[in-house]
Structure formats: structure tokens, C-alpha cells
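First comes the structure, then the notes that go with it.
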Amino acid sequence: MNKNDLLLFIGDSITEAGRYEDPEQIGNSYVRYVRDFLAINKPETLPKIINKGIGGNRVPDLAERWKEDVLDLKPDYVSISIGINDVWRQLDSPQQEALSHDRFKAIYADLIEQVHTHTNAKVILMEPTVILEDVNAQGNKLLKPYVTAVQELAAEFNCLLVPTHQAFIDYLNTPDRQVLTTDGVHMNTTGNMLMAQTWLQAFLNER
């Protein structure tokens with residue numbers, strides 16, 4: 001990674017987190033923490049960072065904007081964090097047609113294939129985090145097949161996997177844990193730190 005590289009983050013509100021109000025358009029999510037860590041520790045190789053998170057997005061929403069928000073920008077790295085809303089909608093809007101994990105995986109696979117076909121970018125897949133801070137919550141049970149799908153896609157397409165879900169589950173099983181979210185889904189500063197730390201560990205250990 002060098003200063004001429006473009007590192008693009010894309011996802012839902014967990015990624016977006018204030019980017020529209022931020023003059024740098026980075027926001028205050030884990031993306032900011034990753035950027036600041038690299039700025040302090042690797043300033044000579046700090047890439048240009050773009051945050052393309054949009055609140056409420058599911059995988060089909062990414063597909064609709066994939067050309068404009070990813071392919072046309074020709075990034076060197078694409079980090080994708082998606083899946084929470086694909087499951088959350090099953091809980092808060094059961095009247096909507098649910099996106100099965102098989103369909104989720106198929107659409108996601110097509111997005112990765114497009115990146116590999118049209119750019120030279122390295123793809124980084126982040127596991128969906130958690131739905132409620134209880135490992136036994138219904139949301140987390142429903143989330144498991146989607147996490148597995150992301151893991152399988154990373155292996156199939158030789159993407160870097162960031163084990164965000166596992167990091168959160170491991171932390172939630174610790175006795176002295178702190179609160180990670182504001183509402184069971186959206187991160188507070190501690191949750192963003194855990195996401196960023198997990199991302200950086202995966203990214204820097206591969207290099």
C-alpha cells in the first residue's frame with residue numbers, strides 16, 4: 001500500500017456513520033479509526049481513503065450502485081461490510097420479502113466477480129458483526145448462515161477475510177466486557193475500535 005493507492009470502504013450505516021457531516025467524508029465509524037491508525041503508524045504509505053457506506057443498505061442495494069461507487073473509481077482495495085440489514089429486516093419488517101442467505105451469497109459473489117473483472121483491486125470481506133449484544137439472540141442465530149456465506153466467498157475468490165463477527169462473539173463472551181453498540185447494531189466508540197482493530201490485524205498480518 002502506498003500514497004497513490006485508493007482504499008475504498010463500502011457498506012451500510014455501520015460504515016457510513018457520519019460521513020456526510022464530515023468535511024473529509026470519512027465519518028466516525030471504524031473507517032475513521034483505520035485511517036487514523038495508518039496516519040499515525042504508517043504516514044509514509046497512507047492511501048487515499050473513501051467511505052461509501054449508506055445507511056439501510058443490503059446486498060441488492062450495493063449491486064444497484066456498484067458501478068458508480070466502486071468500479072468507476074478503480075480502487076486498489078475494496079473493503080465490504082454488509083449483511084446486517086439483510087437479516088435485520090427479517091426481524092423489524094417481517095412483511096418484507098426476506099433475502100435468503102443463498103440469494104445473499106449469489107449477489108455478493110457477482111459483486112466480487114465484477115471487481116476482479118474490471119479492476120485490479122484486492123477485495124476485503126468483513127463478516128457481519130452482531131444483532132444485539134447477546135450471542136444467543138435470535139438475530140445472531142439468523143445471522144450465522146450469512147456469516148458462513150461471507151467466509152465461503154472469501155475462500156472461493158481468494159479475498160482477505162476480516163473475522164468481525166467472531167471477534168464480537170469472542171468479546172461478548174468475556175466476563176468484563178463493555179457495551180459495544182448504541183442499539184444492538186450501530187457501533188459506539190468501543191465497537192468501532194473493535195471493528196477497526198480486527199480489520200487492521202487481518203490486513204497488516206497478510207502483508
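A short reminder: the numbers here are calculations on the coordinates, not readings from a lab. What you see is a predicted model, and the numbers here were worked out from it, not measured in a lab. Using ideal geometry, Cβ is built from the backbone for each residue, glycine included, and neighbour counts are taken over all protein chains shown.
The distance separating the Cα centre of the range 142-160 from that of the range 116-130 comes to 11 Å. Once you have a ≥ b ≥ c as the square roots of the Cα gyration tensor eigenvalues for the range 1-78, tell me rounded if a/c is under 1.5, and otherwise prolate or oblate according to whether a/b is larger than b/c. Oblate shape, in that a/c is at least 1.5 and b/c is the bigger or equal ratio. Hey, which of these cross-link pairs are over 20 Å Cα-Cα: K48/K122; K48/K105; K42/K67; K3/K42; K122/K144; K52/K141? The answer is K48/K105; K42/K67; K122/K144; K52/K141.
How much of the pair distance distribution for the range 6-206 lies past 21 Å, counting alpha-carbon pairs only, in percent?
Details: 9748 of 20100 pairs.
Roughly 48 percent, rounded to a whole number.
Find, among the GluC sites (Glu not before Pro) in the range 15-67, those assigned to loop by DSSP (not H, G, I, E, B) with at most 14 other beta-carbon atoms within 10 angstrom. Those that pass, being in a loop and sparsely packed, are E21, E24.
What does the convex hull of the alpha-carbon atoms of the range 96-207 project to on average, in nm²?
Details: hull surface 32.5 nm².
Spelled out: convex hull of the Cα atoms, projected over all directions, averaged, 8.1 nm².
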